[in-house]
Amino acid sequence: MYAVAGRVKDEDIALVRDRTSIADVVSETVTLRSAGGGNLKGLCPFHDEKTPSFNVSPSRGVYFCHGCGQGGDAIKFLMDAEHLSFIESVERLAGKAGIQLRYDTSDGSAPSGPRPQAGQRQRLIAAHASAVDFYREQLGSPGARKAREFLAERGFGRDAAEKYGCGFAPDSWDALSKHLRMQGFTGEELTTAGLAKTARSGSLIDRFRRRLLWPIRDLGGEVIGFGARKLFDDDDGPKYLNTPESPLYKKSHVLYGIDHAKREIAKRGRAVIVEGYTDVMACHEAGEPTAVATCGTAFGVDHINVLRRLLMDSDSFTGEIIYTFDGDAAGQKAALRAFEEDQRFVGRTFIAVSPDNMDPCDLRLTRGDLAVRDMIAGREPLVDFALRHTISKFDLDTVEGRVEAMRRAAPLVAKIKDREKRPEYARKLAGDLGMDLEPVQRAVQNAARGEATEARAPRQGSAESPQRLVEREALKLALQEPVLAGPMFDALGPENYADPVLAALREAVEQAGGASSATGGVVWIEKVRDSCADLGAQGLVSELAVEPLRTDGVVDPRYVQVTLARLQGAAVTTRIRDLKSKVQRLNPVTHKDQYLALAGELFSLEQQARALRDQAAGGM
C-alpha cells in the first residue's frame, strides 16, 4: 500500500488506474518489445543490465523486474522513475487522462472539491509551460529581431521556430517574473524552477534576458528547463546559458530533442548524438529524426542509460549510437572521451564527421538535407577513429615512432568489447603501422591482461631473421666471390640492408671501389676492412670472409642472381608495407593527389616484387 500524500478520493484513484495504459506510461522511458503471451519486456530503468528482465503486463496493468525486484502499477512506476510523490503521480496521470480529481478536506466538514494546489513538481512544470508561452510570444516582438535573424541565417523559418518552441527573453530585468507572479506563482517557486533569481538588491529578476531560447523537455514531453543563446556583443555572459540544477532539471540526465526523437530512436534502432540545439533541429529537418544533444555538459553515463533503454541495447538486440563531433582538437578530444564510455553500450558505436569539419547545421545550410543524411550514412566505427587519431601523433616512418604508436594503440584494441573483433583489429593495426603482426598481437594480449605493454621493434636484424641471412649471404659473395658478384652486387646500395652494421659494411665495399673492381683474395678483404668506418662492421669482415656460403653446389651466376633478388625483394617488401601503411592512413577525398601518387608507387613496387620473386625462385 502506498503512503498517501494527499486525500484524493479512492474512487478517483481507481478511475486513474483504470484509464491509464501502463504500456504507454513505461514506453515514455523504456523501449518495450513483445515477450509473448501479450506481455512486453525491456531494459530495466532501475538498475543497469544488458539482458532485458523488465516485464510489463498491459492486461493486468503492472510491471515487474526479475533482476532487481521492482514492481507495481503505473502510479508506482512514475514515483520510482521520476521521483514523484504518490499524489504527484496520480495528478500527472489524471491530467493526461482528462480526469478532474476530487479531494477530501482535512476535517471532513467541507464538501469535496478540486484540490487547490498541486504538488511541487506539477507547480514547477506549470510555471515552465507558462514561461514557454510567454517566450514564444516575445519571439514575434520588435525587440526579438536579432533572434529571428539568428534562426533564419541557420535555415530555420517561422514553422521550425514554432515546431521546436523557440522563444525570446526580452530586454527586461523582470518581465517573465512579473508575468508569472500575476498567474499565481510564488517567488520561491520561480527561483526553485530556475526561471528567476534574487538580485543583490533582494528583488526577483529573470534568469534569462536578451537571449534566444529553446525549451528543454523530458521524455514525457514536459518542459523542465531552457537553453539560452547569446545574441548581442555587449552581453558579457557565456555563449550558452542553461537552466541551473533544479528538482526538474538534472543536466547529466537531460538530452535536448529526446521528446521528438524517442519514438524514431526505438523504431530505427539508432541514436545520433550532436553538439547543439541548432544541430538537433538541422538533423530532424533534414530527415534524421533520431538526433539529440546534451545540455551544457559532456555526454556521460546517465545519458547513455537513457538511450540504452530507448534502444533496448542488450545482448539480443544491439542498436547504433552515432556521434557527430567537429573535426577540431576539442571535437577529437570529445570523441576519444566517448570511446572510453563506449564499453557501456552493448550496441555498435560510430562517429560521423562531415566534409570540411562542418557541424550538421552548417552542413545543411551549405549543402542541403541530403548532405546531412549522407554524413550520418558515411559513419565509421568509433574504434577505427580512435585508433587512427592515436597513431597519427607519431612518425610512422621511424622504428621508434611505430613502436610508440603500438604502445598507445594496443590498449584501445584490447578494450574492444566484442572479443571476436580484436584479432582483426590487431591485424589492421599492424598494417597501419607497417609492422609484423606478432609483436602487435603480443602487445594487445598484454594490454588485455592488464600488463604493461612490452613493445619490441620487429626483429629484422636478429641473427635468425631470414632477411638478415640474405644480407649476410650477399656480403659474403662480395668478399669471397667479387668477380662473380660484380655489377649485380654493386647495383644494390646500402638502403637494401635493414641491419645497420651490415649496411655499414656494404658502404665499406663501395668505398673500397666496389666488387666490380676486385679480383678477390687477402688484398681485397683488407681493403674493405680499412674502408670500414663502423667498428662492428670492421670486426665482421673477417667472419664473413671465411664463413661458408649457404649452398651445397658450385657458386655460379645463377646463385648470385637468386641471392641478390631475395635481398632486393626483402627491401621492396618493406617499402610496400610502409607505403600501404601511409595509404591506409590517408583520406582519399581530402588528400586526393597524395593518395593517388602513393597508390601509383605502390602498384609499381608490387609489380617489381612479383618480378623479384620469380627471379629468386630456386632457393638458397
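None of the figures in this text is laboratory data; all of them are computed from the coordinates on show. These numbers come from a predicted model, not from an experiment. Reconstructed Cβ throughout: ideal geometry from the backbone, glycine too, with neighbour counts over all protein chains shown.
Efficiency by 1/(1 + (r/R0)^6): what FRET value for H47 and Q445, r their Cβ-Cβ distance, R0 = 35 Å, to the nearest 0.05?
0.60
Provide the convex hull volume over Cα atoms per residue for segment 393-448, in Å³.
Cα-based convex hull of segment 393-448, divided per residue, equals 65 Å³.
Taking θ as phi - 60°, what are the ³J(HN,Hα) couplings along segment 227-238 by the Karplus curve (6.51, -1.76, 1.60), each to the nearest whole Hz, with x for Gly and Pro?
The phi angles translate into x, 10, 9, 5, 10, 10, 5, 8, 7, 8, x, x Hz.
Using per-residue counts of other Cβ atoms within 10 Å, averaged over each peptide, order 301-309, 135-143 from highest down.
Result, highest mean Cβ count within 10 Å first: 301-309, 135-143.
What are the residues whose amide H is under 5 Å from the amide H of R207, where those residues sit 5 or more places off or on another chain and H is modelled from the backbone?
For R207, whose amide H was placed from the backbone, the distant partners under 5 Å are A196, K197.
Can you work out ³J(HN,Hα) from phi for every residue in segment 393-402, in order, using Karplus 6.51 cos²θ - 1.76 cosθ + 1.60 and θ = phi - 60°, giving whole Hz and x for Gly and Pro?
3J(HN,Hα) across segment 393-402, in whole Hz: 7, 10, 7, 7, 8, 10, 4, 4, x, 5.
How much mean residue ellipticity at 222 nm does the chain get from its helices, if each DSSP H run of length 4 or more adds -39500 (n - 2.57) and you divide by all residues, to the nearest 500 deg cm²/dmol?
Estimated from H runs of four or more residues: -15500 deg cm²/dmol.
Kindly list the residues of segment 356-381 that lie in the label zone of R337, defined by a backbone N under 14 Å from the point 7 Å along the Cα-to-C-beta vector.
none
Residue farthest toward the positive end of the dipole of the chain, with Cβ of Lys/Arg at +1 and Asp/Glu at -1: which of P247, P423, V399?
Farthest towards the positive pole: P247.
Could you give the distance between the Cα centres of segment 229-270 and segment 67-98, to the whole Å?
Segment 229-270 and segment 67-98 have Cα centres separated by 25 Å.
Skipping prolines and chain starts, which residues have an amide H placed within reach, meaning under 5 Å, of the one on T243, given they are 5 or more residues away or on another chain?
For T243, whose amide H was placed from the backbone, the distant partners under 5 Å are F226.
If you bin the C-alpha pair distances of segment 464-620 every 10 Å from 0, what whole percents do you get?
11, 37, 29, 15, 7, 1
Give the Kirkwood hydrodynamic radius (Å, one decimal) of segment 497-582, defined as one over the mean of 1/r across all pairs of different Cα atoms. Could the numbers behind the result be given before it?
Values: mean 1/r = 0.0685 Å⁻¹.
Answer for segment 497-582: a Kirkwood hydrodynamic radius of 14.6 Å.
How would you order 159-170, 599-610, 364-375, 205-216 from highest to lowest mean count of nearby Cβ atoms within 10 Å? Could the numbers behind the result be given before it?
Details: 159-170: 20.1, 599-610: 13.8, 364-375: 18.1, 205-216: 22.7.
So the order, starting with the most tightly packed, is 205-216, 159-170, 364-375, 599-610.
From the phi of every residue in segment 353-359, what ³J(HN,Hα) in whole Hz does the Karplus formula 6.51 cos²θ - 1.76 cosθ + 1.60 yield, where θ is phi - 60° and glycine or proline is x?
With the stated coefficients, segment 353-359 comes to 10, 7, x, 6, 6, 7, 6 Hz.
With a cap of 12 neighbouring Cβ atoms within 10 Å, and only residues DSSP puts in a loop, list the GluC sites (Glu not before Pro) found in segment 193-302.
E245
Which order do peptides 56-66, 566-576 fall in by mean Cβ count within 10 Å, highest first?
566-576, 56-66
How big is the charge dipole of segment 393-448 about its Cα centre, in debye rounded to the nearest 20, if each Lys and Arg gets +1 on its Cβ and each Asp and Glu gets -1 on its Cβ?
Dipole of segment 393-448, to the nearest 20 debye: 380 debye.
7 Å from Cα along Cα→Cβ at both R408 and Y240: what's the point-to-point distance in nm?
It is 2.8 nm.
Filter the cross-link list K96/K267; K417/K582; K76/K262 down to pairs whose alpha-carbon distance in this structure exceeds 26 Å. Walk me through the numbers on the way to the answer.
Working: K96/K267 24 Å; K417/K582 28 Å; K76/K262 22 Å.
In this structure, K417/K582 exceed 26 Å between Cα atoms.
With log10 I(q)/I(0) by the Debye sum over Cα atoms at q = 0.05, 0.08, 0.11 Å⁻¹ defined as stated, name the option among (1) -0.25, -0.64, -1.17; (2) -0.39, -0.74, -1.10; (3) -0.22, -0.55, -1.01 computed from the structure displayed.
(2)
Restricting things to alpha carbons, tell me how big segment 121-242 is in terms of Rg and Dmax, in Å.
Cα-based Rg and Dmax for segment 121-242 come out at 13.9, 42 Å.
Over all directions, what mean area does the Cα convex hull of segment 561-612 project, stated in square nanometres? Can you show the working numbers first?
Values: hull surface 13.1 nm².
Spelled out: convex hull of the Cα atoms, projected over all directions, averaged, 3.3 nm².
With a/c under 1.5 counting as rounded, go ahead and sort segment 1-92 into rounded, prolate or oblate using the C-alpha gyration tensor (a ≥ b ≥ c being the square roots of the eigenvalues; past the cut-off, prolate if a/b is larger than b/c, else oblate).
Cα axes put segment 1-92 in the prolate bin.
Toward the positive end of the charge dipole of the chain, about the Cα centre and with charges on Cβ (Lys, Arg +1; Asp, Glu -1), which of A565, Q511, P466 goes farthest?
P466
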